[in-house]
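*Asks:* One structure follows; several queries about it will come next.
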Amino acid sequence: MHGNVPAVGETAISRHVTSDVEESSSVKSDAGSLDWFAEMAQGLLPTKPGTQLHYITGYDERLCQKYAAGSVKPSAFFLRVLLRSEQGAPFFAALMEGCTAQWWIDAKRAGSVGEQVLEITKRS
């Protein structure tokens, strides 16, 4: 292998250590975390969100209705299929809303610059 391996203290992924209070409150919030997807789906797909998720992803319509209602938590694979669909962009944007990670700020800026370049080249 070639390249440098960072020392243990220099790893790229930082680890957040939680207190007992944070642990217990995160367990409580996990019970309510089913709602985040339902709220997003209902906001982006106000008319029959479950049925629309079915058409977007090809997943079973009843299961998609449960996801949209918040009664079942969607799987990671379902989210992957949804984000990779032709309609994935608004879902990705909604998931990333409020993210302050530098990589996301840089990615949004790069996308904005790219859009400006495309607009300039259309006029030429």
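*Asks:* Given the conditions (1) without any contact (Cβ under 8 Å) to a residue 40 or more places away in the chain; (2) charged (D, E, K, R); (3) within 17 Å of Asp35 (Cα to Cα), which single one is not true for Lys73?
*Replies:* Answer for Lys73: the failing condition is (1).
*Asks:* Can we say Phe91 is touching a residue at least 40 places away in the same chain (Cβ under 8 Å) and within 19 Å of Trp36 (Cα to Cα)?
*Replies:* Yes, satisfied.
*Asks:* Then there's this: Identify, by number, the condition in (1) within 12 Å of the chain's Cα centre (by Cα); (2) without any contact (Cβ under 8 Å) to a residue 24 or more places away in the chain that Val81 doesn't meet.
*Replies:* So Val81 meets the others, but not (2).
*Asks:* Does Lys73 count as more than 24 Å from Lys108 (Cβ to Cβ) and at pLDDT 95 or above?
*Replies:* Judged against the criteria, Lys73 is not a match.
The values are calculated or read from the model by the stated rules, or taken from the named source; none is laboratory data. Small disclaimer: the values here were computed from a predicted structure and weren't measured. Quick reminder, even Gly has a Cβ in these numbers, built from the backbone with ideal geometry, and neighbours come from all protein chains shown.
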